[in-house]
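Each reported figure results from applying straightforward, stated rules to the coordinates on display, with no laboratory input. Computed from a predicted model, the values in this text were never measured in an experiment. Don't worry about glycine lacking a Cβ; one is built from the backbone with ideal geometry, like all the others, and counts go over all protein chains shown.
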Amino acid sequence: MECFTNKHNQKVNITATHINYYFVCHRKLWLFSNGINMEHTSDIVYEGKLLHENSYEQRPQNRQEMMLSATYNNIELFGRVDFYDSKNKIIHEIKKSDKVETAHQWQVKYYIWLFQLSGIQDVKGIIEYPKLRKTETVELSGKDITELQQCVTEIGKIIENPECPPVIHSKICKSCSYYEFCYVGE
C-alpha cells in the first residue's frame with residue numbers, strides 16, 4: 001500500500017492524530033509527521049492521559065481502546081478509538097477540553113469513516129468532556145466523507161513538503177506541547 005513520505009524519506013501513514021492536527025495547526029502536523037514529538041514533555045498531554053485512564057472506570061476493560069485500519073485510495077489509514085460500544089455502535093472519545101472542538105469532531109468523523117471503509121455502517125460518535133460534564137454527538141454525512149478525502153490529500157501535501165509551515169500565532173498556541181519549540185526565537 002502507498003503512504004506519504006516525510007522530508008527524511010520515512011513512510012508516514014495517516015492516523016487520527018494527523019486529522020486532529022490538520023484542523024488545529026498545519027505546523028504541528030508537519031512537525032509530528034517529521035518525527036518531532038513534544039507530547040512526552042507536556043504536562044497538558046499528561047493530564048489528558050490521566051483523565052482518559054481515570055474517567056468512566058465502570059466501562060468493561062475489554063471495551064477500552066480499539067485499533068482501526070482501512071485503505072482509501074491506496075493509502076493506509078489508522079485510528080485508535082478510546083472506547084467502542086459495539087452493541088449500540090457508538091464511539092466514545094474522551095477529551096480534556098473543548099478548546100479545539102472542531103478538531104475533535106473531525107477526529108471522531110474520521111473514526112466513523114474508518115468503520116464505514118471496513119464495512120461497519122450506522123456508527124455514531126460521542127465526544128465526552130468529563131471535566132466540563134459535557135457530551136457531544138457526532139455523525140458522518142456524505143459531505144463530511146468528501147471533506148475527509150480532501151483532508152487526507154492535503155495532509156499528504158503537508159507531510160511531503162520539505163519546509164515546515166509557519167507559526168499560526170493563535171491563542172491555542174500557549175497550551176500546545178510545541179509552544180516553546182515554535183516560539184523559541186521570539
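Below are the figures for this structure:
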| quantity | calculated |
| --- | --- |
| Exposure proxy ranking, count of Cβ atoms within 10 Å, fewest first, for Ile36, Ile158 | Ile36, Ile158 |
| Karplus 3J(HN,Hα) series, Hz, for the stretch 127-136 with 6.51 cos²θ - 1.76 cosθ + 1.60 (x for Gly, Pro) | 8, 10, 10, x, 5, 8, 6, 9, 10, 9 |
| GluC sites (Glu not before Pro) within the stretch 97-142, DSSP loop, no more than 16 other Cβ atoms inside 10 Å | Glu139 |
| Using distinct alpha-carbon pairs, which all enter the 1/r mean, Kirkwood radius of the stretch 4-183 in Å | 17.0 Å |
| Net charge dipole size for the stretch 4-183 [Lys, Arg +1 and Asp, Glu -1 on Cβ; Debye, nearest 20] | 140 debye |
| Using θ = phi - 60° and Karplus 6.51 cos²θ - 1.76 cosθ + 1.60, couplings along the stretch 161-169 (whole Hz; Gly, Pro as x) | 5, x, 10, 6, x, x, 5, 8, 6 |
| Largest to smallest principal axis extent of the C-alpha atoms in the stretch 120-186, angstrom | 48, 34, 17 |
| Ordering of 145-153, 26-34, 87-95 by packing [mean C-beta count within 10 Å, highest first] | 26-34, 87-95, 145-153 |
| Across Lys95/Lys171; Lys143/Lys174; Lys124/Lys174; Lys28/Lys171; Lys7/Lys96, pairs whose alpha-carbon gap is larger than 23 Å | Lys143/Lys174; Lys124/Lys174; Lys7/Lys96 |
| Packing-based exposure ordering (other Cβ within 10 Å, fewest first) of Asp122, Asp85 | Asp122, Asp85 |
